[in-house]
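The values are calculated or read from the model by the stated rules, or taken from the named source; none is laboratory data. Because the structure is predicted, anything quoted here is derived from the model rather than measured. Cβ atoms come from the backbone with ideal geometry, glycine included; neighbour counts cover every protein chain shown.
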């Protein structure tokens, strides 16, 4: 009975209810869209980092991170079937690929530049890093193309690399002896990170192992996982499987700045959502207060025919809740439609700024967010309604009935 | 035993720093089935008296018994339940709930106490027939005439089968023809259902019909019948018999 009366009252002052419902609709819609787009940008960047370079998890020899600057190759892992079998046995491990990371000097015969080199296994790299060639302009490295290389855009320009230009990579090998081998450029890495563009070189694992004297040896394994929400759990399981000789790090540990940016992004988003909702809820409180004042005599009648104070309070809270639920659900519905359109269109192209191209962002609405936003709007409306509802409930029937 | 028994009822209102007495030791007994009018000049305290009898307001002092039950000192929810169970109200401005139709307005007090809907529906239909509202049960108050609205208010007041119906100037917003019909209806309901009616009014037609007139002046009851009759005659020029 209270619900029916509340529902009718919501549609009684149509213009005012429309404004209140509209405010909540807009608040919820903007919060959800903003959340989806900001999360989408964040998740796309994270996904891109994980799937193109870092992987979800990396395994190194214990001590590697502490001493890699002084002895980058001293902490290597044996590229052994035993280790790979152990990795495969861990639940949630989807794929892995061996790599060697090292530094060297890239020369074109007349000029040279320091290079940060990543040696990849063309046979397995795509399974662990499906976007490894995302910014590649040229031909992917292949297993049988042992001397092929990809060179960062700036580095490529600095060395004036062209087809047929001789290219040589010089590096200090495992035993401390310098070695140099010829390379053949196959493509340019047009990545979004300018620092990478100036230094990055990708070669095949076989080339690097030959150059560095690291036959069947690698500096790391890069691991992809199926369920990214079980990142820490999977890293711990890998650590247990491989034992204390190996150290296991997640992408959050390897790229703390990205993790921190994502946390900051979520905090800012939460703050914005809070502001949106607070504005909408002030609207609810204001509207309801006006309603109480306008319906004073009616409240007197309700009290006269036997309504208790708590029933009167509940009536006004219900009215606020119905308005909030209506506005919030409409906002949710429209937000879901807009996001579905965006997803069906293959995401949204986002500019990287200053001529660094675009990346495709897929709007991402975490499953908890709609519940949280709609729930907050409803709960907030109920809280906003408390004061006007109590004002209504505390009226003395005799005074309420004598109001004009 | 009187249905309503008031002993030494006092009530004052605070106007700024001044306390204005509205009732000064009112003593009144109303028997079940009476059709009684409370009359008096503006400010005499008749509305305050009806508000206290209707449990819409509290007396500062004195004893108020309804059907032998002392009501002084009851809490708000108790008073709400008593209003719902034992008292019906008819207001000058009808005071219907605008978002409910006629049937829902009549049912409303019974729904507050969660009465069985099937039995209630039947009772509402009978009552609507009795007060002449059958054809407009689905109408909203703003689709009704003043007379029809007051009939709805009467039906709402009676649907809970109360012991007393309090009517504050029930004909003040009605034209004379409609007032006459409403009065006849209330008289008929008083006779057929035995419901006690207590009015506050200036309407000489109600005074003429009342079986008892209670006269108030300066927050006190003026001795009963003789003064009241004289007042009625003075106001209306009609004989009161």
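Only one of (1) in a loop (DSSP other than H, G, I, E, B); (2) farther than 20 Å from residue B:56 by Cβ; (3) at pLDDT 85 or above fails for residue B:160. Which number is that? Among (1) in a loop (DSSP other than H, G, I, E, B); (2) farther than 20 Å from residue B:56 by Cβ; (3) at pLDDT 85 or above, residue B:160 violates only (2).
Residues in the stretch A:375-396 that are over 30 Å from the mean Cα position of the chain (by Cα) and surrounded by fewer than 23 Cβ atoms within 10 Å (Cβ to Cβ): A:382, A:383, A:386, A:387, A:390, A:391, A:393, A:394, A:395, A:396.
I'd like the residue in the stretch A:11-33 that is assigned to a helix (DSSP H, G or I) and more than 40 Å from the chain's Cα centre (by Cα) and, out of all such residues, is farthest from the other protein chains (Cβ to nearest Cβ). The residue in question is A:15. Among the residues of this structure, residue A:370 does not count as one that is more than 30 Å from residue B:107 (Cβ to Cβ), under 19 Å from the mean Cα position of the chain (by Cα) and not in a helix (DSSP H, G or I). Could we say that residue A:342 is touching a strand residue (DSSP E or B) at 6+ places or on another chain (Cβ under 7 Å), under 18 Å from residue A:29 (Cα atoms), surrounded by 14 or more Cβ atoms within 10 Å (Cβ to Cβ) and away from chain B (no Cβ under 14 Å) here? Against the criterion (touching a strand residue (DSSP E or B) at 6+ places or on another chain (Cβ under 7 Å), under 18 Å from residue A:29 (Cα atoms), surrounded by 14 or more Cβ atoms within 10 Å (Cβ to Cβ) and away from chain B (no Cβ under 14 Å)), residue A:342 qualifies.
Per-residue answers, yes or no, for (1) more than 14 Å from chain B (Cβ to nearest Cβ); (2) without any contact (Cβ under 8 Å) to a residue 24 or more places away in the chain; (3) under 30 Å from residue A:58 (Cβ atoms):
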| site | (1), (2), (3) |
| --- | --- |
| A:253 | yes, yes, yes |
| A:324 | yes, no, no |
| A:333 | yes, yes, no |
| A:338 | yes, no, no |
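Right, residue A:248: away from chain B (no Cβ under 14 Å) and assigned to a helix (DSSP H, G or I) or not? So residue A:248 fails the test.
Checking B:65, B:11, B:7 one by one, the residue that is surrounded by fewer than 17 Cβ atoms within 10 Å (Cβ to Cβ), touching a strand residue (DSSP E or B) at 6+ places or on another chain (Cβ under 9 Å) and in contact (Cβ under 8 Å) with a residue 12 or more places away in the chain is B:7 and no other. Checking the stated criteria, residue A:59 turns out to be in contact with a helix residue (DSSP H, G or I) (Cβ under 9 Å, 6 or more places away or on another chain), crowded, with 21+ Cβ neighbours inside 10 Å, on the phi < 0 side of the Ramachandran plot and in a strand (DSSP E or B).
Yes/no per residue for (1) in a loop (DSSP other than H, G, I, E, B); (2) under 16 Å from the mean Cα position of the chain (by Cα); (3) away from chain A (no Cβ under 13 Å):
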| site | (1), (2), (3) |
| --- | --- |
| B:147 | no, no, yes |
| B:155 | no, yes, no |
| B:172 | yes, yes, yes |
| B:178 | no, no, yes |
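Residue under question is residue B:162, and the condition is that it be in contact with a helix residue (DSSP H, G or I) (Cβ under 6 Å, 6 or more places away or on another chain) and crowded, with 16+ Cβ neighbours inside 10 Å; does it hold? Here the answer is yes, as residue B:162 does meet what is asked. Across the stretch A:229-243, the number of residues qualifying as out of contact with any strand residue (DSSP E or B) (no Cβ under 7 Å at 6 or more places or on another chain) and assigned to a helix (DSSP H, G or I) comes to 7. Any residue at all in the stretch A:287-302 that's more than 30 Å from residue B:82 (Cβ to Cβ) and touching a strand residue (DSSP E or B) at 6+ places or on another chain (Cβ under 8 Å)? Scanning the stretch A:287-302, I find no residue that is more than 30 Å from residue B:82 (Cβ to Cβ) and touching a strand residue (DSSP E or B) at 6+ places or on another chain (Cβ under 8 Å), so the answer is no.
With respect to the conditions (1) more than 19 Å from the chain's Cα centre (by Cα); (2) at negative phi, residue B:30 falls short on a single one, namely (1). Confirm whether residue B:180 is in contact with a helix residue (DSSP H, G or I) (Cβ under 8 Å, 6 or more places away or on another chain), surrounded by fewer than 16 Cβ atoms within 10 Å (Cβ to Cβ) and under 17 Å from residue B:209 (Cα atoms). Criteria met by residue B:180.
Find the strands (runs of 3 or more DSSP E) located wholly in the stretch B:15-114 whose residues include 3 or more that are within 14 Å of another protein chain (Cβ to nearest Cβ) and at pLDDT 90 or above, and list them. Fully inside the stretch B:15-114 and qualifying: B:87-90. Every condition in (1) over 30 Å from residue B:52 (Cβ atoms); (2) part of a loop (DSSP other than H, G, I, E, B); (3) more than 30 Å from the chain's Cα centre (by Cα) holds for residue A:404 except the one numbered (1). What number of residues within the stretch A:117-145 satisfy the criterion of being in contact with a strand residue (DSSP E or B) (Cβ under 6 Å, 6 or more places away or on another chain), farther than 16 Å from residue A:187 by Cβ and touching a residue at least 40 places away in the same chain (Cβ under 8 Å)? Adding up the residues that qualify gives 3. Of the residues making up the stretch A:281-308, those that are within 9 Å of chain B (Cβ to nearest Cβ) and part of a helix (DSSP H, G or I) are A:297, A:298, A:300, A:301, A:302, A:303, A:304.
When the helices (runs of 4 or more DSSP H) confined to the stretch A:90-203 are screened for residues that are out of contact with any helix residue (DSSP H, G or I) (no Cβ under 7 Å at 6 or more places or on another chain), at pLDDT below 90 and under 15 Å from residue A:52 (Cα atoms), those reaching at least 1 such residues are found at A:194-199.
The residues of the stretch A:41-51 that are surrounded by fewer than 20 Cβ atoms within 10 Å (Cβ to Cβ) and either modelled with pLDDT of 85 or more or farther than 20 Å from residue A:250 by Cα (or both), listed by number, are A:41, A:51. Got at least one residue in the stretch A:30-40 being under 30 Å from residue A:289 (Cα atoms), at pLDDT 85 or above and buried (at least 20 other Cβ atoms within 10 Å of the Cβ)? There is at least one residue in the stretch A:30-40 that is under 30 Å from residue A:289 (Cα atoms), at pLDDT 85 or above and buried (at least 20 other Cβ atoms within 10 Å of the Cβ). Filtered by the rule that a residue be over 18 Å from residue A:104 (Cβ atoms) and within 31 Å of the chain's Cα centre (by Cα), the stretch A:143-165 gives a lone residue, A:153.
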